[in-house]
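> Can you keep this structure in mind? I'll have questions shortly.
The values are calculated or read from the model by the stated rules, or taken from the named source; none is laboratory data. Every value quoted in this text rests on a predicted model; they were computed, and no experiment measured them. When we count neighbours, we look across all protein chains shown, and the Cβ atoms used for this are built from the backbone with ideal geometry, even at glycine. Accessible surface is based on the protein model in full, side chains and every heavy atom, while ligands, DNA and RNA are left aside. Shrake-Rupley method; radii C 1.70, N 1.55, O 1.52, S 1.80 Å.
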Amino acid sequence: MIRPFNFSAGPANLPAEVLQQAAAEMLDWQGSGMSVMEMSHRGKEFISIYERAESDFRGLMAIPGEFNILFMQGGGLAENAIVPLNISRGGQADFVVTGSWSDKSQKEARKYCDVGIAATNEGTAHTSLPAPATWQIRPEAKYVHVCTNETIHGVEFHELPDLKALGSNAPLVIDFSSHVASRPVDWSRVGLAFGGAQKNLGPAGLTMVVVRKELLGHALAICPSAFNYKTVADNDSMYNTPPTYAIYMAGLTFQWLKRQKQGDSVGIAAMELLNKAKAELLYDAIDNSGLYLNKVGKDCRSRMNVPFFLRDESRNDAFLAGAKARGLLQLKGHKSVGGMRASIYNAMPLAGVQALVSYLQEFEQKQA
Ligand SMILES: *Cc1c(COP(=O)(O)O)cnc(C)c1O
């Protein structure tokens, strides 16, 4: 079966091989007589799925031993509260606001701590990134929050800020929901990373949290037990019932990622090469056209989420209808930005981006 190419920002496309394996194992997981959905999370079958998923994620992402990996629920938005509940100690936390997601984060954190805005790109309508050297980080800040890929505005940090080099000892918190596993992470610069699974790892319902062990154990008294990182870590993410099926699906995606190869590169390194090639192809097509426009600065364009506009916005509906007819789905932009958005996550093959580029050119020629 040939499936259409799905450019949804999230929940997003998954590798066909992963969906096929899940379908084949749906009624009877590996001779157990049970669907993964029907298993006790404490039984040996599910424990083996969980342990493999955790160790594959650690290996793929090269996560050092001083970090815990937590499988949580509530998505990125719940983490906007869970992070300050766990690591702000009710003190100061500084935020770099670069788009809708980091803005939501700082607003939520105000319920739990004293929020400062270290920098913002509002002056450029979220199309640039403020240089780290200009950030105003308070000496007492308990952490600094950055959204490393703004899914709606299409702005990505291509290098993580080095807070130590900026004279701050605060841990860096990154929201990597929409580019997790698309590129390597320099863990030496990170205190805590969180991301919902539904963009790049699996179905909605699972949130990955990678946290330095030294940050555990300082939660505010009001922190719900199920959201206390130390409680979750001490119970191997099974203090309460974890999202078992979503963990299984993410585990299949981790296995798929491990199999990826580009030349001599494997796993995430291979994925990064492919993602670079896909993004370059699409941005070049947009930049070289007279009809399409991407407004984000070239140094911080996202490899995952590509917002673009038709210079003649009266053609938007015709563009989307023609795309759908060619099997190019969910290209409509976020309502707060308008225009179009192509999300080209790990599971989007090069052929999908090539098909989109051909359509962009064909649609433009028809207008001429
Ligand atoms: C999608 C997204 C979120 C929100 O995730 P939910 O699962 O809806 O809570 C947060 N941050 C970023 C960067 C996202 O892309």
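> Considering only C-alpha atoms, what is the centroid distance from the range 298-337 to the range 120-134, in Å?
Their Cα centres are 24 Å away from one another.
> Where only protein heavy atoms count, and the probe is 1.4 Å, what is the accessible area per residue for the range 17-257 in Å²?
About 39 Å² of surface per residue is accessible.
> For Lys107, list the lysines whose Cα falls under 28 Å from its own Cα; do not include residues on the same chain fewer than 8 positions away.
Lys142, Lys164, Lys199, Lys213, Lys230, Lys295, Lys332, Lys335
> Applying a 10 Å radius around every beta-carbon, put 342-348, 102-108 in order of their mean neighbour count, most first.
For the peptides 342-348, 102-108, the packing ranking is 342-348, 102-108.
> Same structure again: Which of the peptides 281-289, 265-273 is most tightly packed, and how do the rest follow, judged by the mean count of other Cβ atoms within 10 Å per residue?
Descending packing order for the listed peptides: 265-273, 281-289.
> Another question, then. Carbon and sulfur together cover what percent of the accessible area of the chain at a 1.4 Å probe radius?
On the way: 7960 of 15590 Å².
Heavy-atom surface of the chain belonging to carbon and sulfur, 1.4 Å probe: 51 percent.
> Assuming 0.36 nm per residue, please report the length gained on full extension of the stretch Thr241 to Arg89 beyond their Cα-Cα distance.
Separation in residues times 0.36 nm, less the Cα-Cα distance, equals 52.0 nm.
> Could you size up the charge dipole of the chain around its Cα centre, putting +1 on the beta carbon of Lys and Arg and -1 on that of Asp and Glu, and report it in debye to the nearest 20?
Here the chain has a charge dipole of around 320 debye.
> If you don't mind, another one. Which of the DSSP-defined H helices in the chain satisfy a minimum axial length of 24 Å, computed from C-alpha atoms, and a minimum mean Kyte-Doolittle hydropathy of -1.0?
Values: long enough: 44-61 (25 Å, -0.45); 267-287 (30 Å, 0.39); 350-367 (26 Å, -0.07).
Qualifying helices: 44-61, 267-287, 350-367.
> Another one. Where only protein heavy atoms count, and the probe is 1.4 Å, what is the accessible area per residue for the range 261-367 in Å²?
Dividing the accessible area of the range 261-367 by its residue count gives 46 Å².
> Tell me which residues come under 5 Å, amide H to amide H, from Ile117 once H is placed; ignore anything under 5 positions away on its chain.
Result for Ile117 returns Phe95.
> Would you mind telling me the antiparallel percentage of the DSSP bridges in the chain, rounded to 5?
55
> Picking from Tyr345, Thr244, Phe308, whose Cα lies most toward the positive end of the charge dipole for the chain (charges on Cβ: Lys, Arg +1; Asp, Glu -1)?
Phe308
> Hey, what number do you get for the chain at 222 nm if only DSSP H runs of n ≥ 4 count, each worth -39500 (n - 2.57), divided across all residues, to the nearest 500?
-10500 deg cm²/dmol
> Here is a further query. Taking the dipole about the Cα centre of the range 36-105, with the C-beta of Lys and Arg at +1 and of Asp and Glu at -1, give me whichever of Leu77, His41, Phe95 is farthest to the positive side.
His41
> I need two numbers for the chain: Rg to one decimal and Dmax as a whole number, Cα atoms only, in Å.
20.8, 64
> Under unit Cβ charges (Lys, Arg +1; Asp, Glu -1), what dipole magnitude, rounded to 20 debye, does the range 184-296 have relative to its Cα centre?
Working: 11 positive and 9 negative charges, 21 e Å.
Dipole of the range 184-296, to the nearest 20 debye: 100 debye.
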